[in-house]
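Student: Attaching a single structure in structure tokens format; questions to follow.
The values are calculated or read from the model by the stated rules, or taken from the named source; none is laboratory data. It should be emphasised that the depicted structure is a prediction, and the values quoted were computed from it without experimental measurement. Note: ideal-geometry Cβ built from the backbone for every residue, glycine included; neighbour counts use all protein chains shown.
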């Protein structure tokens, strides 16, 4: 029998992460004074060893042995041929995917949660705070903290907290604490509640709360952790693409097209960045980050300086942003709801090295259901966005009669996010596209902000 | 880095199942007249090709290519060393587990759902009915039916149906239909509702409904499927143990102790039966099926002839049984709630070839939480029963200072069954043991039934 999955032997697991900052340049983050931020200014928020990684431009960074040891619970991940999905689409394309749902919390998020917990531990930190939207990140960090004996406090966007009690139970099973945001524990949370006691919350508010809870602990034993957007997060995720490169080489394949869903950008970056290095070095390869039309950060919003959170605690980052107060319409069922985008991913899009795409949520769930009924695993709502683009490319290949090789990142399974499927299957899911008016309103905040320079990044 | 998991190459996946009926004998199932049932009598319930498999005593049975093809979505499964769990227990024992949570529905159940759907398809069947308690089996069969283009109708015990809306969503994502049992669709369901309109339902009633719905379809295109207990189900699950044997040989290990949780018996049998063949052939090996003290079928109930369902539609099977009307106390949080036990497993226990164990649910969840915080994956409640026994054996090994090799079956992950963890972590889970009085009441039904013979099975 032909193997469905390409297995990378454990002794060939990547020992170094690939740092894209060796190959592109970014506009610097800006402090409250509008000047480039000194790394030390972030010391109350992150441990210094992670800050050093955040600003490093060293191409290859060693993965510490204790991190490899925990990653080995589910890595190396498989690279799998989606032959049943291909057959259902009748496409000559060969579709491969990196499956990230095998991690204990079921998504790619632990790839960075584990090293982040490790570096905090090594730096003497005892408590980590963070926020979570749909719950993937909070679960991943709670799991990671359990591995290194750290306390973990997760501010979970209230609407998700109420709709997904299982996520709280997961975090608690790993010893984490999960509270609804906005909460009365922080000034940012209290302010949001004062404004609207019934607010569903937002990722921006939850980030403000988590940052405040970390910085406000005067013992110095608490830091904050972010699950996407930042350079070191993208770095940690590159293990996905580095594994994929080895696995594709084992079967003598090379991708024509790379696809990943993009909210803050880390799942996309994880698969894509190692291939971007190839592209910069001359390989012909199309690279598509895919986002929902309800939150079209890369495809429609401007490249600006913006804050990462609603209360504007974070530095200004150079990125595509819908505005730090943006909240996607509740009609949008899936994840990928963040207003901004990783500065690295934003810069690559700005320079045309990658080609952002957006898809409708009905198409996304349609692709997800076809996947479940052919390949078996029920995909996470985020993954469905990547899948919708895979369907488009597979159909193009069919029309053109070309045997294209498509490789995409399967960010996680959807077993804890089935509500969207229920809505879709009962015909209650409708399409939603952000209107120009709403976009103009949410991006009006940039008027007085500094503008990023038009860098030639290489 | 040392590999945590032993990977079996795809081309070494077992091509045949091991049939324990080549090595032991069973009392025959009895029909309504009290006489041994002729296989043909089951034809309205199961397709003939599966009935032939049910009564076969051929030692090795080929796995059809289309079945191998679907199994390859997640098989061969890994055999993994639980080194972090060992370390937390401070035991000299080496603990290995076969992880069955990698299947799309997250449990071992698809190992038999896939071949059952396949054999039905080949026989020309278009619709399959079944029942589900916690939802693992219904999800697995819905997934399997989606792979072979069959319609799937699942009668789900009402209390689970209400408490676990996600299970219904899962089945629907795979195109299955899920309805609460008792329902008004069958006479058995209507009778249960007439007796008590607010009944929480039971597995016994749901089986009656599913059997009736299959037999009652006069088109002849509908059959019933059972996820445990029967000989062919045990057969299909042996792929777990056959893989484990190859993987243990790859690392030059052989188990001193085999452990699996037992409800209807199929997860236990899947790992254990191939090793029982070794034991029959002279290997010194302890084999423990583990059940909850709330539903002590093997450890406390008599070896009798009993029906598989409450409405007594099924033949009489020779098994350990708590009585076909038995329903475990609602205080029992996990799965493994079935009143009976696979006749093969029952016979092996009756002859002392395997040694049944029972554990308290608090110990089970305690072991499950320790596992989640060391090995990462949150175990299914059923798996926690096996884990509690693993803890006992690991501690014994520590006391005795012996490097025992323990191999257990990790039946599935618990991401869809987190309520028990919530109760446990908030101190609301208490122990429960079936009282002698309740046991006497539920087993009183056997008074007039025929008795199985005391076979020397070999």
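Student: Tell me which residues, restricted to region B:410-458, are closer than 15 Å to residue B:365 by Cα and free of Cβ contacts under 8 Å to residues at least 12 places away in the same chain.
Tutor: Listed by number, the residues that qualify are B:422, B:426, B:427, B:428.
Student: Please note which helices (runs of 4 or more DSSP H) are completely contained in region B:121-239 and include at least 2 residues that are free of Cβ contacts under 8 Å to residues at least 40 places away in the same chain and either under 20 Å from residue B:41 (Cβ atoms) or within 14 Å of chain A (Cβ to nearest Cβ) (or both). Don't jump to the end; show me each part of the working.
Tutor: Working: elements: B:136-148, B:158-163, B:165-173, B:187-195, B:203-215, B:231-237.
In region B:121-239, B:136-148, B:165-173 are the helices (runs of 4 or more DSSP H) which contain 2 or more residues that are free of Cβ contacts under 8 Å to residues at least 40 places away in the same chain and either under 20 Å from residue B:41 (Cβ atoms) or within 14 Å of chain A (Cβ to nearest Cβ) (or both).
Student: Same structure, new question: One residue is enough: does region B:411-421 have a residue meeting the conditions surrounded by fewer than 24 Cβ atoms within 10 Å (Cβ to Cβ), farther than 30 Å from residue A:412 by Cβ and within 13 Å of chain A (Cβ to nearest Cβ)?
Tutor: no
Student: On to the next question. Just to check your reading of the model, which residue among A:90, A:77 is surrounded by 24 or more Cβ atoms within 10 Å (Cβ to Cβ), under 30 Å from residue A:415 (Cα atoms), at pLDDT 95 or above and outside the structural domain of residue A:142 (by TED's automatic domain parsing)?
Tutor: On the way: A:90 fails: surrounded by 24 or more Cβ atoms within 10 Å (Cβ to Cβ).
The conditions single out A:77.
Student: Next question, about the same structure. What number goes with the only condition from (1) away from chain B (no Cβ under 13 Å); (2) in contact with a strand residue (DSSP E or B) (Cβ under 7 Å, 6 or more places away or on another chain) that residue A:52 does not pass?
Tutor: Result: residue A:52 fails condition (2) only.
Student: I would also like to ask the following. Condition check: under 25 Å from residue A:56 (Cβ atoms), assigned by TED's automatic domain parsing to the domain that holds residue A:336 and either in a loop (DSSP other than H, G, I, E, B) or modelled with pLDDT of 95 or more (or both). Does residue A:242 satisfy that?
Tutor: Details: under 25 Å from residue A:56 (Cβ atoms): yes; assigned by TED's automatic domain parsing to the domain that holds residue A:336: yes; either in a loop (DSSP other than H, G, I, E, B) or modelled with pLDDT of 95 or more (or both): yes.
Yes; evaluated as a whole, the condition is true for this residue.
Student: Let me ask you something else. Could you list, in sequence order, the residues of region B:376-403 that are away from every other protein chain (no Cβ under 14 Å) and out of contact with any strand residue (DSSP E or B) (no Cβ under 6 Å at 6 or more places or on another chain)? I'd like the intermediate steps shown before the answer.
Tutor: Here is the first cut: in region B:376-403, the residues away from every other protein chain (no Cβ under 14 Å) are B:382, B:385-386, B:388-403.
Hits for region B:376-403 are B:391, B:392, B:394, B:395, B:396, B:397, B:398, B:399, B:400, B:401, B:402, B:403.
Student: Condition check: within 10 Å of another protein chain (Cβ to nearest Cβ) and touching a strand residue (DSSP E or B) at 6+ places or on another chain (Cβ under 6 Å). Does residue A:70 satisfy that?
Tutor: Details: within 10 Å of another protein chain (Cβ to nearest Cβ): yes; touching a strand residue (DSSP E or B) at 6+ places or on another chain (Cβ under 6 Å): no.
Here the answer is no, as residue A:70 does not meet what is asked.
The rows are residues; the columns are (1) in the same structural domain as residue B:417 (by TED's automatic domain parsing); (2) surrounded by fewer than 19 Cβ atoms within 10 Å (Cβ to Cβ); (3) modelled with pLDDT of 95 or more.
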| site | (1), (2), (3) |
| --- | --- |
| B:166 | no, no, no |
| B:171 | no, no, yes |
| B:176 | no, no, yes |
| B:199 | no, yes, no |
| B:222 | no, no, yes |
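Student: Another question, then. Restricting attention to region B:103-112, does a residue exist that is part of a strand (DSSP E or B) and either facing chain A (nearest Cβ under 10 Å) or touching a helix residue (DSSP H, G or I) at 6+ places or on another chain (Cβ under 6 Å) (or both)? Outline the logic, then answer.
Tutor: Keep residues of region B:103-112 that are part of a strand (DSSP E or B), which gives B:107.
When the remaining residues are screened for being either facing chain A (nearest Cβ under 10 Å) or touching a helix residue (DSSP H, G or I) at 6+ places or on another chain (Cβ under 6 Å) (or both), the result is B:107.
Among the residues of region B:103-112, at least one is part of a strand (DSSP E or B) and either facing chain A (nearest Cβ under 10 Å) or touching a helix residue (DSSP H, G or I) at 6+ places or on another chain (Cβ under 6 Å) (or both), which makes the answer yes.
Student: Same structure again: Given the criterion surrounded by 24 or more Cβ atoms within 10 Å (Cβ to Cβ) and touching a residue at least 24 places away in the same chain (Cβ under 8 Å), identify the matching residue among A:390, A:369, A:362.
Tutor: Working: A:369 fails: surrounded by 24 or more Cβ atoms within 10 Å (Cβ to Cβ); A:362 fails: surrounded by 24 or more Cβ atoms within 10 Å (Cβ to Cβ).
Going through A:390, A:369, A:362 in turn, the sole match is A:390.
Student: Can I ask one more? On the basis of being over 23 Å from residue A:135 (Cα atoms), surrounded by 17 or more Cβ atoms within 10 Å (Cβ to Cβ) and outside the structural domain of residue A:83 (by TED's automatic domain parsing), does residue A:452 make the cut?
Tutor: Considered against the rule, which asks whether it is over 23 Å from residue A:135 (Cα atoms), surrounded by 17 or more Cβ atoms within 10 Å (Cβ to Cβ) and outside the structural domain of residue A:83 (by TED's automatic domain parsing), residue A:452 comes out as yes.
Student: Would you tally the residues in region B:245-264 being without any contact (Cβ under 8 Å) to a residue 12 or more places away in the chain and either touching a helix residue (DSSP H, G or I) at 6+ places or on another chain (Cβ under 9 Å) or assigned to a loop (DSSP other than H, G, I, E, B) (or both)? Can you show your working first?
Tutor: Initial filter on region B:245-264 (without any contact (Cβ under 8 Å) to a residue 12 or more places away in the chain): B:249, B:252.
Next, only the ones that are either touching a helix residue (DSSP H, G or I) at 6+ places or on another chain (Cβ under 9 Å) or assigned to a loop (DSSP other than H, G, I, E, B) (or both) stay: B:252.
Selection size over region B:245-264: 1.
Each row is one residue, and each column tells you yes or no for (1) free of Cβ contacts under 8 Å to residues at least 40 places away in the same chain; (2) buried (at least 24 other Cβ atoms within 10 Å of the Cβ); (3) outside the structural domain of residue B:414 (by TED's automatic domain parsing).
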site	(1), (2), (3)
B:279	no, no, no
B:282	yes, no, no
B:291	no, yes, no
B:295	no, yes, no
B:304	no, no, no
B:309	no, yes, no
B:328	no, no, no
B:345	no, yes, no
B:358	no, no, no
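Student: Based on this model, can you work out whether residue A:134 counts as at pLDDT below 95 and either surrounded by 24 or more Cβ atoms within 10 Å (Cβ to Cβ) or touching a helix residue (DSSP H, G or I) at 6+ places or on another chain (Cβ under 6 Å) (or both)?
Tutor: Numbers: at pLDDT below 95: yes; either surrounded by 24 or more Cβ atoms within 10 Å (Cβ to Cβ) or touching a helix residue (DSSP H, G or I) at 6+ places or on another chain (Cβ under 6 Å) (or both): yes.
Answer is yes for this residue.
Student: Follow-up. List the number of the failed condition for residue A:247; all other conditions in (1) modelled with pLDDT under 95; (2) over 30 Å from residue B:367 (Cα atoms); (3) within 14 Å of chain B (Cβ to nearest Cβ) hold.
Tutor: Going through (1) modelled with pLDDT under 95; (2) over 30 Å from residue B:367 (Cα atoms); (3) within 14 Å of chain B (Cβ to nearest Cβ) one by one, residue A:247 breaks only (1).
Student: Ok, one more. Just the residues that are touching a helix residue (DSSP H, G or I) at 6+ places or on another chain (Cβ under 9 Å) and farther than 16 Å from residue A:174 by Cβ, please, taken from region B:418-435.
Tutor: Those that are touching a helix residue (DSSP H, G or I) at 6+ places or on another chain (Cβ under 9 Å) and farther than 16 Å from residue A:174 by Cβ: B:419, B:423, B:428, B:429, B:430, B:431, B:432, B:434.
Student: State all residues of region B:15-27 that are in contact (Cβ under 8 Å) with a residue 40 or more places away in the chain and either more than 25 Å from the chain's Cα centre (by Cα) or more than 11 Å from chain A (Cβ to nearest Cβ) (or both); if no residue qualifies, say none.
Tutor: B:16, B:17, B:18, B:19, B:20, B:21, B:23, B:24, B:25, B:26, B:27
Student: Shifting gears a bit: Taking the options B:78, B:6, name whichever one is more than 23 Å from residue B:211 (Cα to Cα), under 21 Å from the mean Cα position of the chain (by Cα) and within 11 Å of chain A (Cβ to nearest Cβ).
Tutor: Working: B:6 fails: under 21 Å from the mean Cα position of the chain (by Cα).
It is B:78.
Student: Still on this structure: Given (1) outside any helix (DSSP H, G or I); (2) buried (at least 24 other Cβ atoms within 10 Å of the Cβ), identify the lone condition not met by residue B:269.
Tutor: (1)
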